[in-house]
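The values are calculated or read from the model by the stated rules, or taken from the named source; none is laboratory data. From a predicted model like this one, the values you see are computed outputs, not experimental measurements. So basically every Cβ, Gly included, is an ideal-geometry build from the backbone, and we count neighbours across all protein chains shown. The accessibility values were calculated without ligands, DNA or RNA, using every heavy atom of the protein model including side chains. Shrake-Rupley method; radii C 1.70, N 1.55, O 1.52, S 1.80 Å.
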Amino acid sequence: MARTWRELFVAGDDRAELAEPEPEEQRRGFFARLRDNMAKSRQALGAELQASVFQTLDDDAWERLEETLIYADVGAPTTAAIVQRLETEAGSGGLAGGEALTGRLCELLADAARGGDDTIDLRARPAVVLVTGVNGTGKTTTIGKIAWHLRNELGLSVVLGAADTFRAAAVEQLAAWGERAGAEVVRAAEGADPGAVAYDAVEVARSRTRDVAIIDTAGRLHTQEHLMEELAKVRRVIDRQLPGAPHETLLTIDATTGQNGLRQALLFKQAVDVTGIVLTKLDGTAKGGIALAIAQELGVPVKLIGIGEGLEDLRPFDPDDFARALLGVSGG
Amino acid sequence: MLETLSDRLQSALSDVRSRGKLTEEDVAKAMRQVRLALLEADVNFQVVKEFTAAVGERARGGEVLDALNPGQQVVKLVGEELTALMGGSARDIAFAPRPPTIVLMAGLQGSGKTTACAKLARHLREEHGRDVALAACDTYRPAAVDQLVKVGSAAGAAVYEQGTDPDPVEIAAWAVDRARAEERDVLIVDTSGRLHVDRELMEELARIRKRVKPHDVLLVVDAMTGQDAVNVAEAFSDAAEFDGVVLTKLDGDARGGAALSVKAVTGKPILYASTGEKLEAFERFHPDRMAQRILGMGDMMTLIEKAEREFDEEQAAELERKIRKQQFTLDDFLAQMKQVRRMGPLSGLLKMLPGVSGLGLGDLKVDDRDLDRLQAIITSMTPEERAHPEILNGSRRRRIARGSGTTVQAVNQLVKQFGQMQKVMRQLQQGKMPSLSQLAGGR
């Protein structure tokens, strides 16, 4: 499983070897912090889960567990499936004691969160990453952070394509990120054709032999058919410019999103063949359980998580850590 | 995507009618469906728990037990209770007796705050004729000030900004002075989006609030928010003591249960809903529509209520008697048609049916003018002609066509259709199943 940047990005370039391995301490730090936040939240089961809830395996215990998952936005169908599985296994006597049950529950949740290949293949030159999502889910910010990591941790050169030509000042926002991340930005006037900007960005990356081109797109609700069609067109334009591209199509999902996230993922997948989810804003009290439902029902894996507003606050997704944070249990 | 709650309850309670009694178990079954529907709509599970308990209590009462259609009655009950929980018809912001009225907008990052500021400005300008200014106090997100300048001027509002360097509290205070000096009616203060765990930014919001003393503080909430909506609302309630809610991104297909959770937990009303990308896609909030949306059932509730209101039981009994005795006349036909039409235009009624709006039947041809013409033809007939259409000869038909502004062909068609209708009624009376082509009027 991808746990560090170098495990996440398949860079196919020896420059990547130059990057310093990430300090273990720092990586652990976040989830400890995340767990702290969740513990503060009224509903976190945490220690209680191990200590008392599983002491008596009655209906109340299972209901309490169900509520914890529902509260994390895992959704009713996935919750029911997981709880039922655990209940069956507990009933057959294979699991004794709260600790064993909690451990098994974490395993089940982590398994559900795994949805296929969770690496990002950047071996093509230039490798093209298309970033899509609903308004306000953190696309532009995510792009800024990815660019920063690619440059600073993997030593790759990056071009950003400002194809969000719809939202007022979106280009300026991406330009500000480009500056912080040390990436050049290909831009056009507000209201310009997003396909043309994407085309230019890939062209620039190609002619100047840059390693990666990341294309920002305008936020759009998945229900706006004409806008989804426009997005599909942007993807086709990129493919025409560089056959096989985009090599990765990411969808940003806000961790506070409820069951509608499933619809978002489904419709974006249909339009642009999403290959990975970026779960953003996971540093709030929201637990992002919708990502589990998406991985489970659509088979689209989470690849990255956003845990804060700083440049370094984007991390590879780790299903086991995620499962533990979801339940608010310590250890691991 | 999902079955509507209505469908689910129908199937869950389908056998109740034949038994004529709703058991404890039936109610529990129904409440489980209600619970699922609400959870799928992202209503907070604690709220769901209390809600289903309360509704279950009422469902065991007489109004559901004695109803012919307990499934539909339970849906109606749930809808009523949801609407009540969501609060009555919402108010606009409260205008201060001495302007400027100051409105502080707060909300999480990405909830649509900046856009909502501009939309509210436009709403107050267009609907209330107020002169509105916007204060750009989101100094945190890159380019947020630029965005407000752009959407603000598109909304016809003055935008006060000092870039991103000064303290947002100072910008807000400066903007209030300027709004007063320029005699603006309303000043809307945009603030940074924030993750509510960020204490520093929450404190900034509290400081702005303390400094500018807003008349209304509005919390902007994304309709797609899940269970976390309650935490958000509580955190903002502590920091900003907001007075009302603006619900955004309602043009998607999210059920918007977050709205209910926020209202239930904080007791603060939802004032406005943002329903599209355009600046004018912004309206006062309608609790009843939201309730229907959460239940995933179109405007079924309105349809049921309309039918209830318009349907006169005595008239219905009289109609049934006439059909039995084969005395159904064109007058009765006219009365029937009017009764249905009182519920609104047919195209509108169709859209209220669950699932229809999602089928892309927007341009389905339901022409109300066809009904206008039918009505005109019948009212151009004498009472005798209406009771005995068989006396309609050529000259009578020409007169009716002239009187109704239609053609003889149109009159002929109506008479033919009516004849077929009577035939179908006779067959039904005799217990025969009429063919589909007969039901369709043989066209």
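Annotations
- Gain upon complete extension [residue B:322, residue B:207; 0.36 nm per residue less C-alpha separation]: 34.0 nm
- Cut-off 10 Å between beta-carbons: net charge of the residues surrounding residue B:42, Lys and Arg +1, Asp and Glu -1: -2
- The order of A:285, A:209, A:275 by accessible area, most exposed first and with a 1.4 Å probe, is A:209, A:275, A:285.
- Once all protein chains are placed together, residue A:207 keeps about 80 Å² accessible to a 1.4 angstrom probe.
- Modelled label reach - residue B:384, point 7 Å along Cα→Cβ, the range B:393-419 residues with backbone N closer than 20 Å: B:393-404, B:415
- In this simple spin-label model, placing a label point 7 Å from the Cα along the Cα-to-Cβ direction at both residue A:7 and residue A:239 gives a separation of 3.3 nm.
- Residue B:396 - accessible surface, heavy atoms, 1.4 Å probe, Å² rounded to 10: 70 Å²
- Distance from the Cα centroid of the range B:189-228 to that of the range A:215-252 is 33 Å (rounded to whole angstrom).
- FRET efficiency, 1/(1 + (r/R0)^6) with R0 60 Å, evaluated for residue A:179 and residue A:298 via beta carbons: 0.95
- Residue by residue along A:249-257, Cβ atoms of other protein chains within 10 Å of the local Cβ number 4 on average.
- Antiparallel %, DSSP beta bridges [both residues in the range B:101-296], to 5: 10 percent
- Rounded to 0.05, the FRET efficiency of the residue B:409 and residue B:174 pair, given R0 = 51 Å and the Cβ-Cβ distance, is 0.10.
- Kirkwood radius and radius of gyration were both taken over the C-alpha atoms of the range B:101-296, and their ratio Rg/Rh is 0.94.
- Rough spin-label spacing in nm, given labels placed 7 Å along Cα→Cβ, for residue B:331 and residue A:58: 7.0 nm
- With a 1.4 Å probe rolled over the protein heavy atoms of all chains, the accessible area of B:125, B:255, A:85 falls in the order A:85, B:125, B:255, largest first.
- Peptide A:221-231 has a mean shielding of 2, counted as Cβ atoms of other protein chains within 10 Å of each residue's Cβ.
- Legend: residue pairs A:281/B:210; B:29/B:263; B:76/B:416, Cα-Cα distance threshold 32 Å; pairs beyond threshold, B:76/B:416.
- Ligands, DNA and RNA aside, residue B:76 has an accessible area near 40 Å² when probed at 1.4 Å.
- Segment residue B:25-residue B:80, length gained on full extension (0.36 nm per residue, minus Cα span): 17.6 nm
- Where B:210, A:287, B:49 fall by accessible area, highest first, once all protein chains stay in place (1.4 Å): B:210, B:49, A:287
- With 0.36 nm allotted per residue and the present C-alpha distance subtracted, the residue B:60-residue B:182 stretch has 37.8 nm of extension available.
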